[in-house]
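Beneath this line is the structure, given in structure tokens, with notes to follow.
The values are calculated or read from the model by the stated rules, or taken from the named source; none is laboratory data. Every value quoted in this text rests on a predicted model; they were computed, and no experiment measured them. Neighbour counts are summed over all protein chains in view; Cβ atoms, including those assigned to glycine, are modelled from backbone coordinates with ideal geometry. Protein only, heavy atoms only, side chains kept; ligands, DNA and RNA dropped before computing areas. Shrake-Rupley method; radii C 1.70, N 1.55, O 1.52, S 1.80 Å.
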Amino acid sequence: MERCRAYGFCAAMSGTFLLSCLLFAAISRHQRGPYMDEAFHVPQAQAYCHGRFLQWDPMITTLPGLYLVSVGAVKPAAWLFGWTGSVVCSVGMLRFINLLFSAGNFYLLYLLQFKIHQKNKAVSDFQRILSTLTLAMFPTLYFFTFLYYTDPGSVFFTLFAYLMCLYGNHKTSALLGFCGFMFRQTNIVWTVFCAGNVVAEKLNEAWKTKLQKKKDGKISSRKGSFSDLIRILQFLVEYLTSAKNLVTLTALTWPYIILVTVFFVFVFINGGIVVGDRSSHEACLHFPQLFYFLSFTVFFSFPHLLTPTKIREFLLSLRKHPVQYSLVAVISLFLIWKFTYVHKYLLADNRHYTFYVWRKVFQRHELVKYVLVPAYIFAGWSFTDTLKSKSIFWILMFFVCLLAVTVPQKLLEFRYFILPFLIYRLNIPFPSLYRQLLELTFYIVVNAVTFYLFLNRTFQWPNSDEKQRFMW
């Protein structure tokens, strides 16, 4: 059985890598020069490649993790294979680094699925491999495998840190979290998430002990009621104000605390979280970003979230708790009214799909953004419902991290949703084989359309001779 699983995994990973190599060749042939943000990333990596480590492009907003890893991989390979001249740190060579990260992500996704769902003996090896293949083909992430962007490396180190956290190797997890932070500063949130996993586990143990002492196990089956929430908040206050408990939690999470401290020192010295061009990356309270993320998640997880059963259960819940849902609707309307921001890039750059989503949906009428509130509420309910197998403390911790990583972003950019989506998707229960196959088929279709548009539907701007391409 172990051998069959190993053969199946190797076949899936090798087949995906071979397909990726073919796509990589096609994309490199059609788009030989740097495209979009590559115009900043590629010259910066090439400067590092030539030893000019003090040179920095002020338009780059992330730390130099991608360039350091690229040079650390390409330079030894160049020496080993005798590469010289323009081959070393060429656009194609640098892009290939992300293809390697993609292979690493495939392996990490498999290990994470195995670890998170290890107690679920009903899940077959085929389902685990199929689910890994599906997540590895997740369209928004998979597309950037073929361009020199920070996303594949950012995902790799964050998932690796999460895996080490689940295995209890917290010093290694924090070190990998630092690597993820060097790729993208907002990844510090997922370091907090790893620490939160440890805290949530301890809180859950203490909560179960308290319930057993009181001989009251009802809350575990009635998770989500208002009275239960009050009791949980009271418990949190009692637990976290205990010096003994705080010492215990600090002893368990000190590697993450050190890294978060380093982050705040960096923000203080740097004068902000963004490196380089800050004018276009200002932090704000953009609460509708959470609604956009929930909609994004429903779209890419519709086999799990948008089912007749889910819709029926939501309507029953709506009928049972009209006051609570009315309150949520009012709060949502207020947040949309007061905290909706439209970034200048969203309105100006017609190469991104978000440009067309905004123009075709939100700009049709001023009231559209308010009319969508019922859909947002359903998306939020369905999203939360699929996580009901997790402890209430894990759910609270995850939502805090989700808010921290989405709300401060002014720009609507699907790339910012990749990591929270993957972590969410890894933690929901395994769906049926039919739904898994439907999800994989959907991803393959979306990828096929995306690559077709990128390669074949080029266009030009009036003031430029360069070919423009559609992309995420």
Subject >> Unique residue being modelled with pLDDT of 95 or more and among the hydrophobic types (A, V, I, L, M, F, W, C) when the list is 81, 138, 114, 126 >> reply: 138
**OP:** Go through region 48-91 and give me each residue that's acidic (Asp, Glu) and free of Cβ contacts under 8 Å to residues at least 12 places away in the same chain.
**Re:** none
Original post:
Only one residue in 171, 119 is among the charged types (D, E, K, R), open to solvent by 10 Å² or more (accessible area, probe 1.4 Å) and modelled with pLDDT of 95 or more, so which one is that?
Top reply: 171
Subject >> Close pairs from region 432-453: first within 19 Å of residue 122 (Cβ to Cβ), partner part of a helix (DSSP H, G or I) and open to solvent by 70 Å² or more (accessible area, probe 1.4 Å), Cβ under 7 Å, at least 6 apart >> reply: none
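A quick yes/no check of all residues on (1) outside any helix (DSSP H, G or I); (2) modelled with pLDDT under 95; (3) surrounded by 17 or more Cβ atoms within 10 Å (Cβ to Cβ):
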position	(1), (2), (3)
161	no, no, yes
194	no, no, yes
203	no, yes, yes
208	no, yes, no
Original post:
Restricting the first residue to region 14-41 and requiring it to be within 20 Å of residue 138 (Cβ to Cβ), which pairs with a second residue that is open to solvent by 50 Å² or more (accessible area, probe 1.4 Å) and part of a helix (DSSP H, G or I) meet a Cβ separation below 8 Å and a spacing of at least six or different chains?
Top reply: 24/96
Subject >> Members of region 296-306 that are touching a residue at least 12 places away in the same chain (Cβ under 8 Å) and either in a helix (DSSP H, G or I) or open to solvent by less than 60 Å² (accessible area, probe 1.4 Å) (or both) >> reply: 296, 297, 298, 300, 301, 302, 303, 304, 305
Original post:
When region 413-436 is examined, which residues are found to be part of a loop (DSSP other than H, G, I, E, B) and of a type outside the set (Ser, Thr, Tyr)?
Top reply: 413, 428, 429, 430, 431
Original post:
Considering region 223-235 alone, what residues qualify as being in contact (Cβ under 8 Å) with a residue 24 or more places away in the chain, open to solvent by 30 Å² or more (accessible area, probe 1.4 Å) and in a helix (DSSP H, G or I)?
Top reply: 226
Original post:
Just wondering, is there one or more residues in region 96-114 that are surrounded by fewer than 18 Cβ atoms within 10 Å (Cβ to Cβ) and over 23 Å from the mean Cα position of the chain (by Cα)?
Top reply: no
**OP:** Could you list, in sequence order, all residues of region 393-411 that are over 13 Å from residue 192 (Cα atoms), assigned to a helix (DSSP H, G or I) and in contact with a helix residue (DSSP H, G or I) (Cβ under 6 Å, 6 or more places away or on another chain)?
**Re:** 393, 406
Original post:
Can you tell which of 119, 115 is among the charged types (D, E, K, R) and in a loop (DSSP other than H, G, I, E, B)?
Top reply: 119
Original post:
Looking at region 353-388, which of its residues are of a type in the set (Lys, Arg) and either outside any helix (DSSP H, G or I) or open to solvent by 50 Å² or more (accessible area, probe 1.4 Å) (or both)?
Top reply: 359, 360, 364, 388
Subject >> Every residue from region 147-177 that is under 17 Å from the mean Cα position of the chain (by Cα) and over 23 Å from residue 261 (Cβ atoms) >> reply: 149, 150, 151, 152, 153, 155, 156, 159, 163
Original post:
Here are some residues: 290, 346, 315, 335. Which one is open to solvent by 70 Å² or more (accessible area, probe 1.4 Å) and either without any contact (Cβ under 8 Å) to a residue 40 or more places away in the chain or farther than 30 Å from residue 168 by Cα (or both)?
Top reply: 315
**OP:** Starting from region 264-282, take each residue that is open to solvent by 80 Å² or more (accessible area, probe 1.4 Å) and list its partners that are not basic (Lys, Arg), counting only C-beta distances under 8 angstrom and pairs at least six apart or across chains.
**Re:** 278/61; 278/272
Original post:
Got a sec? Which helices (runs of 4 or more DSSP H) wholly within region 1-91 have at least 1 residues that are closer than 30 Å to residue 457 by Cα and open to solvent by 30 Å² or more (accessible area, probe 1.4 Å)?
Top reply: 2-30, 38-49
